[in-house]
Amino acid sequence: NAGVTQTPKFQVLKTGQSMTLQCAQDMNHEYMSWYRQDPGMGLRLIHYSVGAGITDQGEVPNGYNVSRSTTEDFPLRLLSAAPSQTSVYFCASSYSTGDYGYTFGSGTRLTVV
Amino acid sequence: DAKTTQPNSMESNEEEPVHLPCNHSTISGTDYIHWYRQLPSQGPEYVIHGLTSNVNNRMASLAIAEDRKSSTLILHRATLRDAAVYYCILPHTGNQFYFGTGTSLTVIP
């Protein structure tokens, strides 16, 4: 049981490049979310999904796209990387009710130069 | 959606109990109260959650006020490994978790 797996762990991009951060979970969780955490700050919700085929925006969605074609996978796409997107990105998953919490991945540290 | 308020930082001596407060005066009757912590350079990890009654697990205890407008996370004997940022979270619509800035706990040897 791997939990929530994020790849890559580290990435350096040039401004304007695009890339996809991968997130996979093997717990059959309906809900999945992406967060970013800037230095010294709390986590901010980027996008989330409540099930395959359903996604919605969180607090800071601009510059990011998501899709959810399967229950297991929830990739985050950076369309045209900017230095302001330098951050640590966390993926998380949960069952659908308020009685369940989220399991987090170990994060992807992204630097945009 | 209900909001939470936590102190920015707290200190505790090692092996002493720690009480981390959280105010959530606009909580609704069906909102669960979740606590997570984030150790340095790691992702958040689940600590405890509850609805109305006090809850205990191997990591901590959660004391919920009778009116549910506040709660307290209790670490019974703080260790150096408990130094972390602790987040009190009330799920938003659709069980979405919005993190505030949390309480940064420093444990003094």
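Worth a mention:
- Accessible area, probe 1.4 Å, largest first, for residues A:Ser49, B:Ser25: B:Ser25, A:Ser49
- Measuring with a 1.4 angstrom probe and ignoring ligands and nucleic acids, A:Lys14 comes out at about 130 Å² accessible.
- B:Lys3-B:Glu66 FRET efficiency (beta carbon distance; Förster radius 30 Å; 0.05 resolution): 0.90
- A:Ser87 exposes around 10 Å² of accessible area when a 1.4 Å probe is run over every protein chain in place.
- The overall shape of the range B:42-104 is oblate: from the C-alpha gyration tensor, with semi-axes ordered a ≥ b ≥ c, the ratio a/c is 1.5 or greater and a/b is no larger than b/c.
- Estimated dipole of chain B in Debye, rounded to 20 [Cβ of Lys and Arg +1, of Asp and Glu -1, Cα centre]: 160 debye
- Lysines whose Cα lies under 25 Å from that of B:Lys3, excluding same-chain neighbours fewer than 8 positions away: B:Lys69
- Label-to-label distance, nm, for residues given as B:Asn54 and B:Thr79 (7 Å Cα→Cβ offset): 2.3 nm
- Computed E for B:Glu14/A:Ser69 - FRET, C-beta separation, R0 35 angstrom, nearest 0.05: 0.10
- Taking every residue in B:44-51 and counting other chain Cβ atoms within 10 Å of its Cβ, the average works out to 4.
- Ranking by accessible area, most exposed first, for A:Asp56, A:Asp38 with a 1.4 Å probe: A:Asp56, A:Asp38
- Average Cα contact separation per residue, chain A, under 8 Å, 6 or more apart, as relative contact order %: 35 percent
- Among the residues of A:100-112, the average count of other protein chain beta-carbon atoms within 10 Å of the residue beta-carbon is 4.
- Set of the range B:70-104 residues, backbone N closer than 19 Å to the point 7 Å along the Cα-Cβ line of A:Asp99: B:90-97
- Among the residues of A:43-49, the average count of other protein chain beta-carbon atoms within 10 Å of the residue beta-carbon is 4.
- Overall size of chain A from C-alpha positions, given as principal axis extents largest first: 39, 28, 26 Å.
- Additional length obtainable on full extension of the chain from A:Asp38 to A:Lys14, 0.36 nm per residue less Cα span: 6.8 nm
- If you model chain B as an ellipsoid using its alpha carbon gyration tensor, with each semi-axis the square root of five times an eigenvalue, the axes come out at 23, 15, 12 Å, biggest first.
- Among B:Met10, A:Met41, A:Met32, the sequence by solvent-accessible area, most first, with a 1.4 Å probe is A:Met41, B:Met10, A:Met32.
- Computed FRET value (nearest 0.05) for B:Ser25 with A:Thr5, which takes r as the C-beta separation and R₀ as 41 Å: 0.60
- A:Tyr100 accessible area, 1.4 Å probe, all protein chains in place, Å² to nearest 10: 110 Å²
The values are calculated or read from the model by the stated rules, or taken from the named source; none is laboratory data. Just so it is clear, the structure is predicted and the values come from calculations on it, not from any experiment. In this analysis, Cβ positions are derived from the backbone assuming ideal geometry, glycine residues included, and neighbour counts consider all displayed protein chains. Only protein heavy atoms, including side chains, enter the accessible area calculation; ligands, DNA and RNA are left aside. Shrake-Rupley method; radii C 1.70, N 1.55, O 1.52, S 1.80 Å.
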